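The values are calculated or read from the model by the stated rules, or taken from the named source; none is laboratory data. On a predicted model such as this, the values are computed, not experimentally measured, just so you know. Note that we place each Cβ from the backbone using ideal geometry, even for glycine, and neighbour counts take in every protein chain shown. Only protein heavy atoms, including side chains, enter the accessible area calculation; ligands, DNA and RNA are left aside. Shrake-Rupley method; radii C 1.70, N 1.55, O 1.52, S 1.80 Å.
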Amino acid sequence: MRIDIITIFPELFNPFLQLGIVKKALEKKTVDIRAHDLRNFALDKHRMVDDYPYGGGPGMVLKPEPIWRAVEQIPQPRRVVFLTPHGRTFDQEKAWEMAQLKNLVLICGRYEGVDERVREELVDEEISIGDYVLNGGEIPAMVIMEAVIRLLPEVLGDEDSVVGDSFYQGLLDHPHYTRPEEFKGYRVPGVLLSGDHKKIARWRKKESLRQTLLKRPDLIKKANLDPEDRDLLAEIEAEIEEGLGGKEDRNEKC
Ligand code: ADE
């Protein structure tokens, strides 16, 4: 996969590309990432990328020509994404869809906005990372890249595979514990120490359902639950009804 970022701050991406899983994916050549300085595509002697808005008003608007030139040098087929609060909210499903693309182009907005002709004629899709306003699309571009790159083949090892991720089956991940077995009097749930893999799998599924029900009930409604999941959910609901199943019951205090 190739990802091209069009930005007036390409240097912001340096630490992001030089560390951790993203760095590994670059070294393995699973992904090729190029951060382009929009100013390099401005042809005037001042390398101007923005200008005053027609009709007046505060702020500057990114000019269409440099963005157009920057995008046109990227190979087809390409998906051109503009990062903006106007866009559809990014989620795990969108990350999976993007992970199938050959060429992804991320245009980072700045200032008051971008000339509308870019949005209408050049951009395939507008994406937001949430209902708040940032100063530009650079952080959203990193968010999207991180979510997408970890889904590419062989980027994650078995030990941190995407299979256990939150949202993998439309549910939040189950709780995790590590040593010590007892910490400040709080014990790890006994089933995790039992060595019984079937029971552990059932506990994990149930706790994943519980986390989702308690923290993101909207996801439960959309999740594709099988009859076994529905039984577990009914058990959880009964426990909640009886005032059981809170963290005091699950982490046995000695
Ligand atoms: N640019 C500014 N705010 C943004 C947001 N919330 N998502 C994507 N791009 C943005």
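Points to keep in mind about this one:
- Test: residue 132 is within 12 Å of the ligand (Cβ to nearest atom), more than 27 Å from residue 25 (Cβ to Cβ), touching a Pro at 6+ places or on another chain (Cβ under 9 Å) and outside any strand (DSSP E or B): yes
- Residue 74 falls short on exactly one of the conditions (1) within 16 Å of the ligand (Cβ to nearest atom); (2) open to solvent by less than 70 Å² (accessible area, probe 1.4 Å), and that condition is (1).
- Matching entry among 179, 150 (being over 13 Å from the mean Cα position of the chain (by Cα) and either open to solvent by 50 Å² or more (accessible area, probe 1.4 Å) or more than 10 Å from the ligand (Cβ to nearest atom) (or both)): 179
- Residue that is farther than 15 Å from residue 145 by Cβ, surrounded by fewer than 20 Cβ atoms within 10 Å (Cβ to Cβ) and at pLDDT 95 or above, where the choices are 58, 53, 66: 53
- Flag if residue 13 is closer than 19 Å to residue 142 by Cβ, of a type in the set (A, V, I, L, M, F, W, C) and open to solvent by 40 Å² or more (accessible area, probe 1.4 Å): no
Each row is one residue, and each column tells you yes or no for (1) crowded, with 16+ Cβ neighbours inside 10 Å; (2) more than 12 Å from the ligand (Cβ to nearest atom).
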site	(1), (2)
123	yes, yes
136	yes, no
141	yes, no
154	no, yes
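- Candidates 47, 119, filtered to the one that is without any contact (Cβ under 8 Å) to a residue 60 or more places away in the chain and open to solvent by 80 Å² or more (accessible area, probe 1.4 Å): 47
- When residue 164 is tested against (1) in contact (Cβ under 8 Å) with a residue 12 or more places away in the chain; (2) within 28 Å of residue 210 (Cβ to Cβ), just one condition goes unmet, and that condition is (1).
- Looking across segment 87-117, the residues that are farther than 19 Å from residue 155 by Cα and away from the ligand (no atom under 14 Å from the Cβ) come down to 105, 115, 116, 117.
- Residue match in segment 186-204 (condition: closer than 30 Å to residue 103 by Cα and of a type in the set (S, T, N, Q)): no
- The single condition among (1) more than 16 Å from the ligand (Cβ to nearest atom); (2) at positive phi that residue 40 does not meet is (2).
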